[in-house]
Amino acid sequence: MATKTETQPQLSGIDLYSRFALAGAIGCSVTHGALTPVDVVKTRIQLDPITYNRGMIGGFKQVIKNEGAGALLTGVGPTFAGYFLQGALKFGGYELFKQQAINYLGYENASKYRTGVYLASSALAEFFADIALCPLEATRIRLVSEPTYANGLVGGFTKMLKNEGVGAFYAGFGPILFKQIPYTMAKFVVYEKTAEAIYKVYPKKDMSSTLQTVTNLSSGLVAGLVAAVVSQPADTMLSKINKTPGAPGEGTTSRLIKIAKELGWKGSYTGIGARLVMVGTLTAFQFAIYGDIKKALGMFCLGNHRSIG
């Protein structure tokens, strides 16, 4: 009788990495899109802490009372689109760069220094992912901070482009890099290390499909909580810089310095409670969805792709 390895095609190249990208795109867009209400409240707390000073639950009540329940879905279009692109490039890029590191260093060296491989691969992948994400994230923040600014993704994107030019979409590129790259590095490293620790106690080959999903959820939750704390200051600055256009002649660097001084260390962690809930939840489900979609796409047979975890 033929074995699974003999009957399933060997995946490699574009066929393999496009599946990694699709799995990541679905995982990120679905989780970020579903948590749009939490993101709306978190962003309001960051941008107007004087008004929204009752914590996450209180913030939900304030938004619903003042603007109606529909306001909690403000920015869902750019959130879904932005994180679909970002997820594809982040997860697909992470797997690609990991494999390139294995090819360059050799499997033994890559495995020995795998923490460095995880860090470098995730940082490179996130850099390219943020180029795609930044314009849509800028649009989302503008829609959330100014509910009457435009009606949805297309209207907001078009208005910003017409009135402020392409540069407005990348005013927050520095903060988004400072936010997303440390976040992604912490996210992947902590996930990999947590999963490794679990598999030492209970080998992956002995786990059922359901138990593997639970392991992905648990590892993702731990990774998300750590990543949220690491990246919170830059997330707050990103919200602030995208809230309104800069003054004429004011550069991005000077705006960032000004915002950092105004916030202070304590102010940079405004909204951390809502973000812990949001990031912990979405990261847990991202890794669970990512793992399950890879299995559904037949990626248990990876051709030349090798894991060092």
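The values are calculated or read from the model by the stated rules, or taken from the named source; none is laboratory data. Keep in mind it's a predicted model, so treat the numbers as computed, not measured. Here Cβ is always computed from backbone atoms with ideal geometry, including for glycine, and neighbour counts include all displayed protein chains.
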Q: State the number of residues belonging to the range 38-50 that are touching a residue at least 40 places away in the same chain (Cβ under 8 Å) and surrounded by fewer than 19 Cβ atoms within 10 Å (Cβ to Cβ).
A: 1
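Of everything in the range 251-261, what is in a helix (DSSP H, G or I) and either free of Cβ contacts under 8 Å to residues at least 12 places away in the same chain or buried (at least 19 other Cβ atoms within 10 Å of the Cβ) (or both)? Give them in sequence order.
Applying the first criterion (in a helix (DSSP H, G or I)) to the range 251-261 yields 252-261.
Of everything in the range 251-261, those that are in a helix (DSSP H, G or I) and either free of Cβ contacts under 8 Å to residues at least 12 places away in the same chain or buried (at least 19 other Cβ atoms within 10 Å of the Cβ) (or both) turn out to be Ser254, Arg255, Leu256, Ile257, Lys258, Ile259, Lys261.
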Q: Go through the range 54-68 residue by residue and tally those that are of a type in the set (Gly, Ala, Ser) and without any contact (Cβ under 8 Å) to a residue 24 or more places away in the chain.
A: 2
Q. Given the structure, is Met185 hydrophobic (A, V, I, L, M, F, W, C), under 12 Å from the mean Cα position of the chain (by Cα) and either part of a helix (DSSP H, G or I) or surrounded by fewer than 18 Cβ atoms within 10 Å (Cβ to Cβ) (or both)?
A. yes
Q.
From the list Gln212, Gln232, exactly one residue is part of a helix (DSSP H, G or I) and without any contact (Cβ under 8 Å) to a residue 60 or more places away in the chain. Which is it?
A. Gln232
(Q) Quick check on the range 190-205. Is at least one of its residues buried (at least 23 other Cβ atoms within 10 Å of the Cβ) and either in contact with a Phe, Trp or Tyr (Cβ under 9 Å, 6 or more places away or on another chain) or more than 29 Å from Asp130 (Cα to Cα) (or both)? (A) yes
Q. Do you know which residues across the range 265-297 are surrounded by 23 or more Cβ atoms within 10 Å (Cβ to Cβ), of a type in the set (Gly, Ala, Ser) and in a helix (DSSP H, G or I)?
A. Ala274
Q) Do you know which residues across the range 195-209 are part of a helix (DSSP H, G or I) and among the small types (Gly, Ala, Ser)? A) Ala195, Ala197, Ser209
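Check the range 44-54 and report whether any residue there is within 26 Å of Ile131 (Cβ to Cβ), of a type in the set (A, V, I, L, M) and modelled with pLDDT under 90.
Of the residues in the range 44-54, the ones within 26 Å of Ile131 (Cβ to Cβ) are 46-47.
Next, only the ones that are of a type in the set (A, V, I, L, M) stay: 47.
This time we only want the ones that are modelled with pLDDT under 90, so: 47.
Yes, the range 44-54 contains at least one residue that is within 26 Å of Ile131 (Cβ to Cβ), of a type in the set (A, V, I, L, M) and modelled with pLDDT under 90.
Only one of Gly172, Gly156, Gly167 is over 27 Å from Tyr113 (Cα atoms) and surrounded by fewer than 22 Cβ atoms within 10 Å (Cβ to Cβ). Can you tell me which? Break it down stepwise before answering.
Details: Gly172 fails: surrounded by fewer than 22 Cβ atoms within 10 Å (Cβ to Cβ); Gly156 fails: surrounded by fewer than 22 Cβ atoms within 10 Å (Cβ to Cβ).
Only one candidate passes the filter, namely Gly167.
Could you please find all residues in the range 183-214 being hydroxyl-bearing (Ser, Thr, Tyr) and touching a Ser or Thr at 6+ places or on another chain (Cβ under 9 Å)? Working first, answer last.
Step one: of the range 183-214, the residues hydroxyl-bearing (Ser, Thr, Tyr) are 183-184, 191, 194, 199, 202, 208-210, 213.
Across the range 183-214, the qualifying residues are Tyr183, Thr184, Tyr191, Thr194, Tyr199, Tyr202.
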Q: Would you mind telling me which numbered condition in (1) of a type outside the set (Asp, Glu); (2) at pLDDT below 95; (3) on the phi < 0 side of the Ramachandran plot Leu217 fails?
A: (2)
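Can you tell me how many residues within the range 51-85 are basic (Lys, Arg) and either part of a helix (DSSP H, G or I) or surrounded by 13 or more Cβ atoms within 10 Å (Cβ to Cβ) (or both)?
From the range 51-85, those basic (Lys, Arg) are 54, 61, 65; that's our starting set.
If we keep only those that are either part of a helix (DSSP H, G or I) or surrounded by 13 or more Cβ atoms within 10 Å (Cβ to Cβ) (or both) too, we end up with 61, 65.
Result for the range 51-85: 2.
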Q | Filter result (closer than 12 Å to Val144 by Cβ and either in contact with a Ser or Thr (Cβ under 6 Å, 6 or more places away or on another chain) or touching a residue at least 60 places away in the same chain (Cβ under 8 Å) (or both)) within the range 15-37 | A | Thr36
Q: Among the helices (runs of 4 or more DSSP H) lying completely within the range 95-180, list those that include at least 1 residues that are farther than 28 Å from Leu47 by Cβ and without any contact (Cβ under 8 Å) to a residue 60 or more places away in the chain.
A: 107-112, 114-145
